[in-house]
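Q: Got a structure for you, written out below as structure tokens; questions coming shortly.
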Amino acid sequence: QVQVVESGGGLVQPGGSLRLSCTTSGSIFRLYVMEWHRQVPGKQRELVATITHGGTPNYTDSVKGRFTISRDNVKNTVYLQMNSLKPEDTAVYYCHAARLGRTVSWGQGTQVTVSS
């Protein structure tokens, strides 16, 4: 079973930055579409950013211009650089690996809190 492990969450002030990392096990990371989702208690999980196996990124409108998704296929890792953070970015952030339209695995989540 493929394991997905996130790291990098924490507490940051509004306007600050954080970088999340997500590392997967296995040998075919390069074939996965990797995604970052986030969830606030009582709300549905929201897709934040996607990067294809070819490296093409896509973002939800609320984070465009502030967040950058990238991947390192040698390190089996996907990153989410989050700048100009806002209190409404507070959530648990989850990493998701997919292939051929199907879920490969979810991470356990990492908490991001934006507060002064």
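The values are calculated or read from the model by the stated rules, or taken from the named source; none is laboratory data. What you see is a predicted model, and the numbers here were worked out from it, not measured in a lab. Every residue, glycine as well, gets a Cβ built from its backbone with ideal geometry; the counts of neighbours run over all protein chains shown. Heads up: the accessible areas ignore ligands, DNA and RNA and are worked out on the full protein's heavy atoms, side chains in. Shrake-Rupley method; radii C 1.70, N 1.55, O 1.52, S 1.80 Å.
Q: Return the total of residues in region 66-116 being among the hydrophobic types (A, V, I, L, M, F, W, C) and in a loop (DSSP other than H, G, I, E, B). Before the answer, list the steps.
A: Start the filter on region 66-116 by keeping residues that are among the hydrophobic types (A, V, I, L, M, F, W, C), which leaves 67, 69, 74, 78, 80, 82, 85, 91-92, 95, 97-98, 100, 104, 106, 112, 114.
Right, trim to in a loop (DSSP other than H, G, I, E, B) and you get 74, 85, 100.
Residues flagged as among the hydrophobic types (A, V, I, L, M, F, W, C) and in a loop (DSSP other than H, G, I, E, B) within region 66-116 amount to 3.
Q: Ok, one more. Please enumerate the residues belonging to region 19-40 that are open to solvent by 30 Å² or more (accessible area, probe 1.4 Å), at pLDDT 95 or above and farther than 11 Å from A98 by Cα.
A: The answer is R19, T23, Q39, V40.
Q: Let me ask something else. Return the residue satisfying two criteria in turn: it lies in region 22-67 and is polar (S, T, N, Q) and within 16 Å of E6 (Cα to Cα), and of such residues it is farthest from the chain's Cα centre (by Cα). Lay out the reasoning, then the answer.
A: Within region 22-67, the first condition is being polar (S, T, N, Q), and the residues that meet it are 23-25, 27, 39, 44, 50, 52, 56, 58, 60, 62.
Then keep just the ones that are within 16 Å of E6 (Cα to Cα); that gives 23-25, 39, 50.
Working: T23: 11, T24: 12, S25: 16, Q39: 11, T50: 8 Å.
Step by step, filter region 22-67, then rank; the result is S25.
Q: Mind telling me which of the residues V78, V114 ends up being among the hydrophobic types (A, V, I, L, M, F, W, C), surrounded by 13 or more Cβ atoms within 10 Å (Cβ to Cβ) and more than 18 Å from Q13 (Cα to Cα)?
A: Working: V114 fails: more than 18 Å from Q13 (Cα to Cα).
Only one candidate qualifies: V78.
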